[in-house]
Amino acid sequence: MDEHIAEALGRPDLVRLDERLICCRFETLKVVSALTAVRHLLDTGAVRPGDTLLDSSSGIYAHALALACHRYGMRCHIVGSSAVDPTLRTQLTVLGARLEQMEPSDDLKLDQKRRVERVREILRDHPEYHWMRQYHDEIHYLGYRAVAERVRAEVDPGSLTVVGGVGTGASTGALAHYLRTGSGAGRSGSGGAGPAGPQLVGVQPFGSVTFGAEHVPDPEIIIAGIGSSIPFGNVSHTLYDTVHWVSFEAARAGSVDLLRRHAVFAGLSAGAAYLAARWERDHAPRRTVLFLAADTGHRYVDSVFARAAGARRVEELAPSQVTDASELALPWARMEWNHAPAPGAARPGALPVAGPGAR
């Protein structure tokens, strides 16, 4: 029996959508990461019960960290994106977390830059706070070991392709790492991936700097949570075999089809991952494809599901195959990444990569 609701929320559901397509569905993806990270910090003495944990978030991580702090008797301070919706704001308040939300902005780069600057101001005034560094600390990989073990118990990792939003790199990157190695922490390059091993497919929005698409804006939106306009220190690019860039409209088509065809009500990043996973399944007949659904669809009722009648059919969509980021174009592109290192603009600069407990 679980001792706290966060433990239940962090446990994924594995749903077989067809013979070779599996949905790894989370209520809130980053709960498993935040719980394990906070527990590790307490066990190693890096923090003590009652300390304040601080970080920046566009939504999912804010909820996850607030739950972890509630579970372990910590204080929580979040510098939130303008994308944090009223439902989440209310939950954070009742959970006892302090939320500072940025003013609305159409410029994600400005939003992220302002959030990081505000975190630094808070740390200057409160050096006793612990910055969780979800964008830079490898400690956030640790929680996905349990997810990998759950997947390994159900599916042969040797013929598995994992598809999901890259984000900070801690979800898809960590899952692939643990499936490839079976143990250990942090990240270790390609981890022995190959034709007979687990493959990793990252999903990105256009406009994200992480894999070199910052020059291709999406006129609708940069999908919060799976891309970034600033370098992330814990994305291990060499873990990835393939990258898909998916526009808002293409991701919306995926989310609507996922609900209509399979009754899975999930967010926009899940729609993008589902779209990419369908393509990978159809073009690798000997492999099983598992994709991550990071959250439910409640945040996207107005922007995605209320407009379902106007969504394109997924059968009408296919990625353009590119060999260089300069060839990227909306609405959907695919490139063999082949464990290449980070492009220049995605390499972290001034922000620290590692924190307490990272290896």
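Details
- Checking each residue in the stretch 129-153 for being in a helix (DSSP H, G or I), surrounded by 22 or more Cβ atoms within 10 Å (Cβ to Cβ) and of a type outside the set (A, V, I, L, M) picks out 138, 140, 141, 144.
- Just one of the listed residues (277, 325) is in the same structural domain as residue 155 (by TED's automatic domain parsing), surrounded by 15 or more Cβ atoms within 10 Å (Cβ to Cβ) and under 21 Å from the mean Cα position of the chain (by Cα), and it is 277.
- Just one of the listed residues (73, 50, 96, 10) is within 29 Å of residue 276 (Cα to Cα) and touching a residue at least 12 places away in the same chain (Cβ under 8 Å), namely 10.
- Odd one out for residue 232, checked against (1) under 21 Å from residue 83 (Cβ atoms); (2) part of a helix (DSSP H, G or I); (3) not charged (D, E, K, R): (2)
- Considering residues of the stretch 65-80 that are in a helix (DSSP H, G or I) and within 10 Å of residue 97 (Cβ to Cβ) only, the residue farthest from the chain's Cα centre (by Cα): 70
- Residue 32 touching a residue at least 60 places away in the same chain (Cβ under 8 Å), surrounded by 17 or more Cβ atoms within 10 Å (Cβ to Cβ) and farther than 20 Å from residue 295 by Cα: no
- Against the conditions (1) in contact with a helix residue (DSSP H, G or I) (Cβ under 9 Å, 6 or more places away or on another chain); (2) over 25 Å from residue 304 (Cβ atoms); (3) at pLDDT 95 or above; (4) of a type in the set (S, T, N, Q), residue 238 satisfies every one except (1).
- Some residue of the stretch 12-24 being part of a loop (DSSP other than H, G, I, E, B) and either within 26 Å of residue 102 (Cα to Cα) or touching a Pro at 6+ places or on another chain (Cβ under 7 Å) (or both): no
Okay, residues lined up against (1) touching a Cys at 6+ places or on another chain (Cβ under 9 Å); (2) in the same structural domain as residue 216 (by TED's automatic domain parsing); (3) at pLDDT 95 or above:
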site	(1), (2), (3)
246	no, yes, yes
254	no, yes, yes
262	yes, yes, yes
285	no, yes, no
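- Flag if residue 41 is outside any loop (DSSP other than H, G, I, E, B), aliphatic (A, V, I, L, M), touching an Asp or Glu at 6+ places or on another chain (Cβ under 7 Å) and at pLDDT 95 or above: no
The values are calculated or read from the model by the stated rules, or taken from the named source; none is laboratory data. This structure is a prediction, so every number in the text was calculated from the model and none was measured. Positions of Cβ are generated from backbone atoms using ideal geometry, with glycine treated the same way; all protein chains shown enter the neighbour counts.
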